[in-house]
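Structure, as structure tokens:
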There are 2 protein chains.
Amino acid sequence: MPVGHKGRKSKGSKAERELIHLLWSKGFAAMRAAGSGSTQHPSPDIIAGDGKLFFAFEVKSSKDRVKYLTKDEITQLDLFANSFGARPFVAIKFNNEKWYFLRLTDLKVTKKSYVITLELAKKKGLRFEELTGKYKQKRLF
Amino acid sequence: MPVGHKGRKSKGSKAERELIHLLWSKGFAAMRAAGSGSTQHPSPDIIAGDGKLFFAFEVKSSKDRVKYLTKDEITQLDLFANSFGARPFVAIKFNNEKWYFLRLTDLKVTKKSYVITLELAKKKGLRFEELTGKYKQKRLF
């Protein structure tokens, strides 16, 4: 069943709020961006920092086992993160799964878009502890 | 004439958009925060970075020669900035004046609030070039 834009937006916001809470609970200050319509400049969904690490997140959630992202979304995220000095990740929450954080280079590219399957997320994605913690830091970059 | 909350809010947003454009034009990636009602966590109005400097701004504009800020606004800004790893400033735009950026320690404190007069802004505030540029860097912190 196709989902209207409004439905997707509010779903996105719910995931964003959830990630914001998670970040604060782990010692990161995190901020949600104003609606993307408010400016023509690129903007991630969330930016977070703890004085050492800075992250720019595009936030996605999915009830299915696959999620598509537009090339523009990823381009904008990358552009913002590079200018700001943050590390760009797609933060994705599949239903009944924990958060996975994917580097842009780990996304699957198709002709028209980027794709994240649950399998790809599990294989390539970082768990929250890996993203922000000290162990397996070598995997990060 | 008293200004309603809605009027102030949209005026605030206009100043925020103006500062966002200024920041991008000077090589900073800048992001506006979602409405403060969207989360119970502290949030500045704007966050900006260029890979070296990170700023958290509370943004104000005024048609008068004086602007009041609540103690809570400043506390929240300071809290966010310290957690994030950004330098907190009040960015203020008086009518027909350029932007001034005030350190929190330079704000005038009264019993109930913080106050910025145009005179204080001119005396203590940093100009944009001082805030972000290389000259007079010593004045910064």
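Filter the stretch B:40-55 down to the residues that are open to solvent by less than 20 Å² (accessible area, probe 1.4 Å) and among the small types (Gly, Ala, Ser), then identify the one that is nearest to the other protein chains (Cβ to nearest Cβ).
The residue in question is B:GLY49.
Please list, ordered by first then second residue, the pairs with beta carbon atoms under 6 Å, 6 or more apart or interchain, first in the stretch B:118-129 and within 23 Å of B:LEU23 (Cβ to Cβ), second modelled with pLDDT of 95 or more and assigned to a helix (DSSP H, G or I).
Final answer for the pair search is B:LYS124/B:ASP106.
Is it the case that the stretch A:77-90 has a residue that's more than 14 Å from chain B (Cβ to nearest Cβ) and modelled with pLDDT of 95 or more?
For the stretch A:77-90, residues more than 14 Å from chain B (Cβ to nearest Cβ) and modelled with pLDDT of 95 or more: present.
Of all residues in the stretch A:13-30, count the ones that are without any contact (Cβ under 8 Å) to a residue 24 or more places away in the chain, out of contact with any Asp or Glu (no Cβ under 9 Å at 6 or more places or on another chain) and of a type outside the set (S, T, N, Q).
Within the stretch A:13-30, residues that are without any contact (Cβ under 8 Å) to a residue 24 or more places away in the chain, out of contact with any Asp or Glu (no Cβ under 9 Å at 6 or more places or on another chain) and of a type outside the set (S, T, N, Q) number 4.
The values are calculated or read from the model by the stated rules, or taken from the named source; none is laboratory data. In this text the structure is predicted, and so the values were computed from the model without any measurement. Cβ atoms come from the backbone with ideal geometry, glycine included; neighbour counts cover every protein chain shown. Accessible surface is based on the protein model in full, side chains and every heavy atom, while ligands, DNA and RNA are left aside. Shrake-Rupley method; radii C 1.70, N 1.55, O 1.52, S 1.80 Å.
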